[in-house]
Number of protein chains: 2
Amino acid sequence: MGVSFDAHPDSYRHWRLRVDGPIAWLVLDVAEDAGIVPGYELKLNSYDLGVDIELYDATQRLRFEHPGVRTVVVTSGKDKVFCAGANIRMLAASSHEWKVNFCKFTNETRNAMEDATAHSGQTYLAAVNGSCAGGGYELALACDHILLVDDNSSAVSLPEVSLLGVLPGTGGLTRVVDKRHVRKDLADVFATRSDGVKGRTAVTWRLVDEIAPPSAFDQAVRDRARELATRSTRPDEPGIQLAPLRRDVTDDGIRYDHVSAEFDRAGGTVTIIVRGPSEPPSVDGWLLAMTRQLDDLVLRLRTNEPDLGTWILKTEGDSDAVIAHERLLLDSLDNWLSNEIIQYYKRVLKRLDVTSRSLIALIEPGSCFAGVLAELALAADRQYMLDGPPVDDPDSELRAVITLTDANFGPFPMGNGLTRLESRFYGQSDDLKQLHGTFDAADAMAHGLVTDAPDDIDWPDEIRIAIESRTALSPDACTGMEANHRFVGPETVETKIFGRLAAWQNWIFVRPNASGPDGALRRYGSGQKAVFDRKRV
Amino acid sequence: MGVSFDAHPDSYRHWRLRVDGPIAWLVLDVAEDAGIVPGYELKLNSYDLGVDIELYDATQRLRFEHPGVRTVVVTSGKDKVFCAGANIRMLAASSHEWKVNFCKFTNETRNAMEDATAHSGQTYLAAVNGSCAGGGYELALACDHILLVDDNSSAVSLPEVSLLGVLPGTGGLTRVVDKRHVRKDLADVFATRSDGVKGRTAVTWRLVDEIAPPSAFDQAVRDRARELATRSTRPDEPGIQLAPLRRDVTDDGIRYDHVSAEFDRAGGTVTIIVRGPSEPPSVDGWLLAMTRQLDDLVLRLRTNEPDLGTWILKTEGDSDAVIAHERLLLDSLDNWLSNEIIQYYKRVLKRLDVTSRSLIALIEPGSCFAGVLAELALAADRQYMLDGPPVDDPDSELRAVITLTDANFGPFPMGNGLTRLESRFYGQSDDLKQLHGTFDAADAMAHGLVTDAPDDIDWPDEIRIAIESRTALSPDACTGMEANHRFVGPETVETKIFGRLAAWQNWIFVRPNASGPDGALRRYGSGQKAVFDRKRV
């Protein structure tokens, strides 16, 4: 049945979520025997995908169900241990694609914590009340402020390089130098020293923001949490409930209310159809529901369907209804919920951007690639638009259009800080604002909004060939190519993590020095030392 | 004996260099049977490391021996073929480290062509007079202007993804979108279409700058070359000769006049000693000679000594002499030769930055880490400075110092556009200008210029442990870690090529889909189709 991303605080195995006025407590207390797959024990608050699915659920619920929360304290429920990072035995036993996909999801959740701090007035505070290693420190790095207990033993550390022969790949290397501005020679020492750095030195090196002795630690955390809460102007309003998602999963696809996916296993493709709103606009209506469904679908497809390498993106519905709905939200961004929904859709679009699948948008009569949904087309690697009537109804007067609205000019930046339109036309001097409006196929071609616009005679063959030739390519080469093309122009901590750090980690993960039978990842904890091919590459 | 990087136009096998007033012609005419190692034929103007060593030599001689040259026309001496890119059989038969090192060197030469255009008034013009595929198009991409013959058959193409299952890894993907601003969906089509794009479409897509029919091509090239030459203010002065390098190569090291390297094969280290000037300052004196020697050493070590994974950087000499020498050059940057030498040293420092070896600088009494040589220390991953007398002479009054001069505040930017000091203190608000001056060990520690400053009692053990613990780490993890730490902050086309594109390519190179027995790279030309694991990672 594959991995489910459903979770609820009432049934968390690994986290406790407690809301106390403007401050929420997110307490990591991993159940050792509750790994998401069998074969390892989650000792020392180490985590696997199951632990991170709960964390992701908590970060989402805090934003939607607890709008009054202004500070989120991330801490540990165990004695002397904050978090030991990703579970090594899980990593060592996992397939390459599992490891990479797991790292991507954990990266996205950590980015979402920073996004909550930046855009939702929910500031994350790491209350590091014990040893904090590897992915544990990377979790702390995603918080806005790190408070470390000064007990002569609790250290922050990145032992991946020295103990496992891999990188701190969940943003660790990048955030240390690019976010926290640790001097790079000290970062080098830190990342090669398995016992890490503690106490005053950790502050001096900028690895943590402050320290407090054990006797004063809890009070220091509460004081800092209250201080951070004063930065926010978040209203103390009731939240909305994120009800369980309804979905129908079969061997051939997944269907939700507004989103569906049809698998072609022989062809190696998925056709994803996003349907526009059928109800009148309401703040908590279609966009939130569709976004949740699309988010769930992307996560499920990435994790459970690695063989389906090409995603075909379609929409169905009424462009005017899409625009009316998004207008309501974009006109009320001072409303916390409108803002949350827009921010959430932004994050789901970013998930698409870093998804290692080829994305092809098909824009046909009856589609509604307008505003928020036009972003789906712009997120794709290619856009094909039918220039003529529907293929199965040559007498119809229905024609495909694309409509660009305010939604395409700012609210949904990519990880590189540019809109998808800015990325598309990167370095071209044209005034993008003139692209506001509705385009038929010929106009869209002329303005560079689509890759090609075949007529109804050519459409079936051209689309078939485009898809078949894509699925015939090396999946690895596609992943590398797309990762290079999608993020043109400026780089940020976020794009560096997905583009540079993750690429090096992927390389290291498949090298015998890490994952071979004598490699460091496989030999960790065995009592035997790793054997390395010493050639530098 | 390993690879030699010595070359001279009189003995080129693959290129012809002709200088005609302000215009130089660099004509690729590869000798099929003259591969640098046996086992393949260099058909269709395809290249291997040997071809690129000659190209590198030509780019250097153009700058130093032919200062009057203002336009360099890169073209082919073969009929209907410009260049088919890196030789596939060579790639398929090469070890992983050979492939990666070869790509790095070719990347550096292409960056140097852009550097000549930007900083030496020698603009590169690609006169693409035949089919131009893969690395051939990447060579053209490194030129400032691409003129393609419009003969109904000559296309530019990047067939790596579709035919070989690897990336166009010599800057191709990056330069197409980030330098030439090709729309990213068109870049996607282009990079997956083995037959490429020709004629007017190539101009429309921004893949080339102009086209000309065969009958008008030669004239168009000459016209464009003359037009590009007018941009330059390069003086028509006689150049200097780059005489053959003197070196003494043994099993234990390499010695030049100003640079030497001692190998510790058991320990896996090289100690590199750069000696300061012993003669009075002269423009074409010590810095040029030392730079050439260091360049040659770096290239030889990278190619021939992959097992020596840690480089220990030392200097010997008189800091005042270093400063007097660099002062002469920095005060005469309007002199073409002074400028060339400074630019050349800049490029050699950049080679160090992208070298996949751990770099540790040892700053001891008698060293001369001043100005230009202080950059060597700043390029290192760590800096250790002895706080006390020489270990073998406790009564000596000699002490180690570091001196920062104008040379450390601008003339030698890294690939990310920052100086090494700016990279070191990235995101820290201190005024760097206050670091101008001379620092003893305590001062250097206090100002963050060194990683540690042990006294003469602790020095031997601390250095030994630092080196031994470094060489014990996974070489792959070190490479990935250093690639992430060294380039903090902003990214450029150059850092994207070395950091993002090269990392993905390295990953793809070791995946079975490319390099396995049924992989695309191995099966190319065999008549058998590649077999792919279709899982997307």
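When the distances between all Cα atoms of region A:22-160 are binned every 10 Å from zero, what whole-number percent does each bin get?
13, 44, 34, 9, 0
From the helices alone, meaning DSSP H stretches of at least four residues, give me the mean residue ellipticity at 222 nm for chain A, per-run term -39500 (n - 2.57), in deg cm²/dmol to the nearest 500. Each step should come with its number before you reach the end.
Values: 19 runs with 194 residues, N = 537.
Calculated from helices alone, the mean residue ellipticity at 222 nm is -10500 deg cm²/dmol.
Counting DSSP beta bridges with both partners in the protein assembly as shown, what percentage is antiparallel, nearest 5? Intermediate results must be reported in sequence, preceding the final value.
On the way: 48 of 132 bridges.
Here the antiparallel bridges make up roughly 35 percent for the protein assembly as shown.
Taking the Cβ of A:S11 as the centre, find all other residues whose Cβ is under 11 Å away and add up their charges (Lys, Arg: +1; Asp, Glu: -1).
Working: positive: A:R13; negative: A:D6, A:D10, A:E54, A:D57.
That sum, taken over residues with Cβ under 11 Å, equals -3.
What are the semi-axes of the equivalent ellipsoid of region B:294-343, taken as the square roots of 5 times the eigenvalues of the Cα gyration tensor, listed largest first and rounded to whole Å? The partial results should precede the final answer.
On the way: eigenvalues 174, 54, 7 Å².
After diagonalising the Cα gyration tensor, the semi-axes are 30, 16, 6 Å.
Under the convention of a label 7 Å out along Cα→Cβ, give the distances in nm from B:D29 to the same position in every other copy, shortest first.
In ascending order, 8.1 nm.
Take the Cα gyration tensor of region B:428-490, multiply each eigenvalue by 5, square-root it, and list the three semi-axes largest first, rounded to whole angstrom.
26, 22, 6
State the percent of C-alpha pairs, over all pairs in the protein assembly as shown, separated by a distance greater than 44 angstrom. Walk me through the numbers on the way to the answer.
Working: 212950 of 576201 pairs.
The proportion of pairs with Cα distances above 44 Å equals 37 percent.
Which of the helices in chain A meet the span-like rule: DSSP H, Cα axial reach of 15 Å or more, Kyte-Doolittle mean at least 0.0? All intermediate terms of the calculation are to be shown ahead of the outcome.
Details: long enough: A:49-65 (23 Å, -0.25); A:96-119 (34 Å, -1.11); A:214-229 (23 Å, -0.74); A:286-304 (26 Å, 0.05); A:319-330 (16 Å, 0.68); A:336-353 (26 Å, -0.58); A:459-471 (18 Å, -0.63); A:475-486 (16 Å, -1.07).
Helices passing the filter in chain A: A:286-304, A:319-330.
With only alpha-carbon atoms counted, please give the Rg and Dmax of region B:1-81, in Å.
When restricted to the Cα atoms of region B:1-81, Rg and Dmax are 13.1, 40 Å.
Express as a percent, rounded to the nearest 5, the fraction of DSSP beta bridges in chain A (both residues included) that run antiparallel. Before the final figure, lay out each step's value.
Values: 24 of 66 bridges.
In chain A, DSSP labels about 35 percent of beta bridges as antiparallel.
Which percent of the Cα-Cα distances in region A:235-300 go past 21 Å? It would help to have the intermediate numbers written out before the result.
Working: 704 of 2145 pairs.
Percent of Cα pairs beyond 21 Å in region A:235-300: 33.
Where the only charges are on Cβ atoms (+1 Lys, Arg; -1 Asp, Glu), what is the dipole of the protein assembly as shown about its Cα centre, to the nearest 20 debye?
On the way: 118 positive and 160 negative charges, 238 e Å.
The calculation lands at about 1140 debye.
What is the percent of Cα-Cα separations in region B:429-534 that go past 19 Å? Write out the running numbers ahead of the final one.
Details: 3879 of 5565 pairs.
So the pairs more than 19 Å apart make up 70 percent of the total in region B:429-534.
By a straight-distance test (C-alpha under 24 Å), which lysines pair with B:K78 as possible cross-link partners, with residues fewer than eight away in the same chain excluded?
Within the straight-line limit of under 24 Å, B:K78 reaches these lysines: B:K43, B:K198.
Compute the signed sum of charges (Lys and Arg +1, Asp and Glu -1) over the other residues within less than 9 Å, Cβ to Cβ, of B:R206. Could you put the intermediate results ahead of the total?
Numbers: positive: B:R180, B:R183; negative: B:D209.
Counting the neighbours of B:R206, the net charge comes to +1.
At B:D331, label 7 Å along Cα→Cβ: distances to the other copies, nm, ascending?
7.1
Could you give, in nm with one decimal, how far B:D518 is from each other copy of that position, shortest first, with labels 7 Å out from Cα toward Cβ?
Between copies, matching label points for B:D518 lie 2.8 nm apart.
Among A:V149, A:P168, A:F369, which residue has its Cα positioned farthest towards the positive end of the charge dipole of the protein assembly as shown, with +1 placed on the Cβ of Lys and Arg, -1 on the Cβ of Asp and Glu, and the dipole taken about the Cα centre?
A:P168
With Cβ to Cβ distances under 10 Å as the rule, what net charge do the other residues near A:T271 carry (K, R +1; D, E -1)? Could the numbers behind the result be given before it?
Working: positive: A:K314; negative: A:E262, A:D264.
Overall, the nearby charge balance is -1.
Using the alpha-carbon centroid of each, what span in Å lies between region B:165-207 and region A:220-295?
First find each Cα centre; the distance between them is then 36 Å.
Between the alpha-carbon centers of region A:1-57 and region B:1-51, tell me the distance in whole angstrom.
Using only Cα atoms, the two centres lie 60 Å from each other.
In whole Å, largest first, what are the principal axis extents of the Cα atoms in region A:81-120?
38, 28, 6
If I stretch the segment between B:L245 and B:T230 completely, what's the gain in nm (0.36 nm per residue apart, minus their alpha carbon distance), one decimal? List each step's numbers first, then the result.
Values: separation 15, 0.36 × 15 = 5.40 nm, distance 3.44 nm.
Working it through step by step, the gained length comes to 2.0 nm.
Which number comes out as Rg/Rh for region B:112-270 once both Rg and the Kirkwood Rh are worked out on C-alpha atoms?
On the way: Rg = 20.8 Å, Rh = 18.4 Å.
With Rg and the Kirkwood Rh in hand, the quotient comes to 1.13.
Need one word for region A:108-180: rounded, prolate or oblate. Basis is the Cα gyration tensor (sqrt eigenvalues a ≥ b ≥ c); a/c below 1.5 gives rounded, then a/b vs b/c decides.
Values: a/c = 2.52, a/b = 1.28, b/c = 1.97.
Note, shape of region A:108-180 comes out oblate.
Rg to Rh ratio, region A:392-445, alpha-carbon atoms and Kirkwood radius? Working shown, then result.
Values: Rg = 14.2 Å, Rh = 13.0 Å.
Rounded to two decimals, Rg/Rh equals 1.10.
Quick one: what does P(r) look like for region A:313-428 with 10 Å bins over all Cα pairs, in whole %?
14, 42, 33, 11, 1
Pairs of Cα atoms under 8 Å, at least six residues apart: use those to get the relative contact order of region A:207-352, whole percent.
Details: 152 pairs, mean separation 31.0, N = 146.
After rounding, I find 21 percent.
Roughly speaking, what is the centre-to-centre gap between region B:110-127 and region A:357-397 when only Cα atoms are used, to the nearest Å?
One Cα centre to the other: 43 Å.
Report the semi-axes of the equivalent ellipsoid for chain B in whole Å, largest first, where each axis is √(5λ) for an eigenvalue λ of the Cα gyration tensor.
Over the Cα atoms of chain B, the semi-axes work out to 41, 27, 21 Å.
Every number here is computed from the coordinates shown, using simple stated rules; none is lab data. These numbers were taken from a predicted model, which means no experiment stands behind them. Note: ideal-geometry Cβ built from the backbone for every residue, glycine included; neighbour counts use all protein chains shown.
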